[in-house]
Amino acid sequence: MRMPLSLASPARRALLSALVVATLMTGFIAFQIESRASILRNGTEVLLRTAPVDPRDLMRGDYVILSYDIGRIPSELLSADKGKSGWGSVWVRLKPADDGYWQAAEASFEPLYSKEGSAVIRSQTFDRRDPAEAYGNYRLDYGIERFYVPEGEGLAIEEARNEQRVSVVVRVSSSGVAQIRSLMLDGTAIYDEPLY
């Protein structure tokens, strides 16, 4: 005859612990997926022109390295606490230009708030003690500098990118987080992220 496991037995505690860990891990993964999907569903859509990347930094696996015109912000465009050191982000207000591509209109080390006809994108955190490059530009990353592609297709896309034929449709959340929605070649979407 089998004895029922008591609540305090080591086997029951191990099973309960495993269930709690599995539930937490599943919840964390679901949260990450929903956060990204929410931006893709509800974010402000902007079109960004990609910039050429040094050809010595070609494919590293199955993704394309992307650089953007908004990745170099002139220091004179920045307002608020330019001399402040330490880790921080830059908020960049994007506005559409006449050609349909969005460009930086304003930048600040302090949060910028939404205005009609614009979107605010937030850079990745960086060390502000040494952010300036040559010629007085700040080099910023937004977390959208890689786009994963099917195996074997990256080199052709990178060549087109270096010829400035690649653009990217990005969705930006109200908190400034960006997600790539579509990768465009000569104005036509070649890859679309699902909206889930």
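The values are calculated or read from the model by the stated rules, or taken from the named source; none is laboratory data. From a predicted model like this one, the values you see are computed outputs, not experimental measurements. Cβ coordinates were reconstructed from backbone atoms using ideal geometry, including for glycine residues, and neighbour counts include every protein chain displayed. Just so you know, the surface numbers come from the protein's heavy atoms only, side chains and all, with ligands and any DNA or RNA stripped out. Shrake-Rupley method; radii C 1.70, N 1.55, O 1.52, S 1.80 Å.
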Q. Does at least one position in region 66-87 carry a residue that is over 15 Å from the mean Cα position of the chain (by Cα), surrounded by fewer than 16 Cβ atoms within 10 Å (Cβ to Cβ), closer than 18 Å to V177 by Cα and modelled with pLDDT under 85?
A. yes
Q: Collect the residues in region 161-196 that are crowded, with 16+ Cβ neighbours inside 10 Å and of a type in the set (A, V, I, L, M, F, W, C), keeping them in residue-number order.
A: V166, V168, V169, V170, V172, V177, A178, I180, L183, M184
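A quick yes/no check of all residues on (1) among the basic types (K, R); (2) assigned to a loop (DSSP other than H, G, I, E, B); (3) in contact (Cβ under 8 Å) with a residue 60 or more places away in the chain; (4) within 27 Å of N42 (Cα to Cα):
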| position | (1), (2), (3), (4) |
| --- | --- |
| Y113 | no, yes, no, yes |
| I144 | no, yes, yes, yes |
| E151 | no, yes, yes, no |
| G176 | no, yes, yes, yes |
Q) For Q103, which of the numbered conditions (1) open to solvent by 70 Å² or more (accessible area, probe 1.4 Å); (2) modelled with pLDDT under 85; (3) of a type in the set (S, T, N, Q) fails to hold? A) (2)
Q) For region 43-62, what are the residues that are modelled with pLDDT of 80 or more and over 15 Å from I121 (Cβ atoms)? A) none
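With the structure loaded, tell me whether E158 is open to solvent by 40 Å² or more (accessible area, probe 1.4 Å) and acidic (D, E) or whether it fails that test. Steps first, answer last, please.
Working: open to solvent by 40 Å² or more (accessible area, probe 1.4 Å): no; acidic (D, E): yes.
The answer is no for E158.
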